[in-house]
1. Please find, among 196, 214, the residue that is in a helix (DSSP H, G or I), farther than 18 Å from residue 134 by Cβ, among the aliphatic types (A, V, I, L, M) and in contact (Cβ under 8 Å) with a residue 12 or more places away in the chain.
2. Of the residues that make up the stretch 100-111, is at least one at pLDDT 85 or above, in contact with a Phe, Trp or Tyr (Cβ under 6 Å, 6 or more places away or on another chain) and not hydroxyl-bearing (Ser, Thr, Tyr)?
3. Would you confirm, using the coordinates I've provided, whether residue 340 is closer than 27 Å to residue 146 by Cα and either touching a helix residue (DSSP H, G or I) at 6+ places or on another chain (Cβ under 6 Å) or among the acidic types (Asp, Glu) (or both)?
4. If you scan the stretch 391-415, which residues turn out to be more than 14 Å from residue 366 (Cα to Cα) and acidic (Asp, Glu)?
5. So for the stretch 179-186 (the condition being farther than 26 Å from residue 416 by Cβ and of a type in the set (D, E, K, R)), does at least one residue qualify?
6. Any idea how many residues of the stretch 119-151 are within 20 Å of the chain's Cα centre (by Cα), surrounded by fewer than 22 Cβ atoms within 10 Å (Cβ to Cβ) and part of a loop (DSSP other than H, G, I, E, B)?
7. Answer yes if at least one residue in the stretch 281-304 is at pLDDT 85 or above, in contact with a strand residue (DSSP E or B) (Cβ under 7 Å, 6 or more places away or on another chain) and polar (S, T, N, Q), and no otherwise.
8. Pick from 342, 371: which is over 25 Å from the mean Cα position of the chain (by Cα), under 28 Å from residue 289 (Cβ atoms) and in a helix (DSSP H, G or I)?
Amino acid sequence: MNRRRRQQIRDSANALKKQRAQLARPKASHAAVVRRVSGAERTVQQALEHCNDRMVGTLFAKVRALPRVATSERLMLTVAREAPRLIDPDYVGALYWLGRLPWRAPLDEWRKSGKGRATVFRTLAEHLIGRYELPPFLYNAFFEEDAQVLTPVVAELAAGGSLFRACEAGMLPLSLTRRMCHMALSSPRQTLFLSAMRNAQLRIAGVPPRLLSAWMMVGPARRLQGEQEEAFWWTFVRWLAACPEPEPSELAPLCDYIGHLRQGDPNFRMKGRSAHALLRGMHQWHHQLAKVRVSIDRSFEASGFSPGQYDRSRRDADGNHRIAVWRMEEILSAAALALEGRRMRHCVYSYASNIEMGNCSIWSLTLDEGRGPAPCLTVEVNGRGQIVQARGRLNRVATSQEHQVLMTWAGENGLEVRTGT
């Protein structure tokens, strides 16, 4: 190698070091200059240029509405240089929550290790907040809907704290015994942190195994509630263990019905309730909702996800052409929501207020076999881009064909399917 070429290499290396040093300095403005370091870093830098002094994550749906945090922004820029594969909608939210925690080690001392994105993120989190080794599944908390509450608990455990003590101190609104905590912390790698704690509660309470997965899909179990709400639904779990008559498919509509009763009577309690009476009342309520006629219609704001149309037409064994066109369309008015409830004979109209608040969107899957579209599924998508319910007429579960179409539509929109269907 000649002297001129060696000098060019040294100059390039010095220029790269200078660029990295400039990036590490705190900036008075959040607008950034695009630098030729990596494609991922350019993405973040360009985001900063066009975000009008908002945090980096405003261009990513999972952190769009969250307040700015300087350490989260610095973390994203560092990760863009060192591990650009993590600058992705699936991980930007997790980086944001990691940036909000107190760090026990300097960020500039972190060195990327591991091949998969999940491993790289876990090693980053272990470096920044870890003092003791944790069960790997706990780092799933950074990707969950309740990450704001769950991640400080993970940091507490990483510092040597106790899950039982964290609950006692009010870090979590859950009521967990020491045995529940031990069972939760023994969960497999793929388990979500909240699901691990819910599962431990149900198993210790003695809820039949056939109802476990159905309970995980119910609204009060999917998200952390306030202390009073958690206390009430814990009484429901114990009632469920003592009265296991409800079928898994009846659990979600039963919880909707109980929520309706509690709105009318804040002193509603589960003690002394018979399963037969509650189920009968639930069916009567559904029948009443099916008769709802909206006198003053109101529109809902679109969620931003795209509708879908899928032609599954084919020729049968006799050579006849069989039409099968599936359509997924968003329900954008109260009148259409009431009509969906009447056609499917379920309580979807009770979700109107949640739709108006932007907590969820409701979609209708229909099948046209040449005689016009027939309703098949009503689908709920929550505010985190997760499909959390997909129910047919009378709350039946999705068929295999319906589930395949649902998965296709979810893939096109980057949605996570968490229905258990």
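The values are calculated or read from the model by the stated rules, or taken from the named source; none is laboratory data. The shown structure was predicted, so the numbers you read here are calculated from the model rather than taken from an experiment. Note that we place each Cβ from the backbone using ideal geometry, even for glycine, and neighbour counts take in every protein chain shown.
1. Result of the check over 196, 214: 214.
2. Scanning the stretch 100-111 turns up no residue that is at pLDDT 85 or above, in contact with a Phe, Trp or Tyr (Cβ under 6 Å, 6 or more places away or on another chain) and not hydroxyl-bearing (Ser, Thr, Tyr).
3. no
4. If the condition is that a residue be more than 14 Å from residue 366 (Cα to Cα) and acidic (Asp, Glu), then 412 is the only one that fits.
5. yes
6. So the count comes out to 2.
7. Yes, the stretch 281-304 contains a residue that is at pLDDT 85 or above, in contact with a strand residue (DSSP E or B) (Cβ under 7 Å, 6 or more places away or on another chain) and polar (S, T, N, Q).
8. Result of the check over 342, 371: 342.
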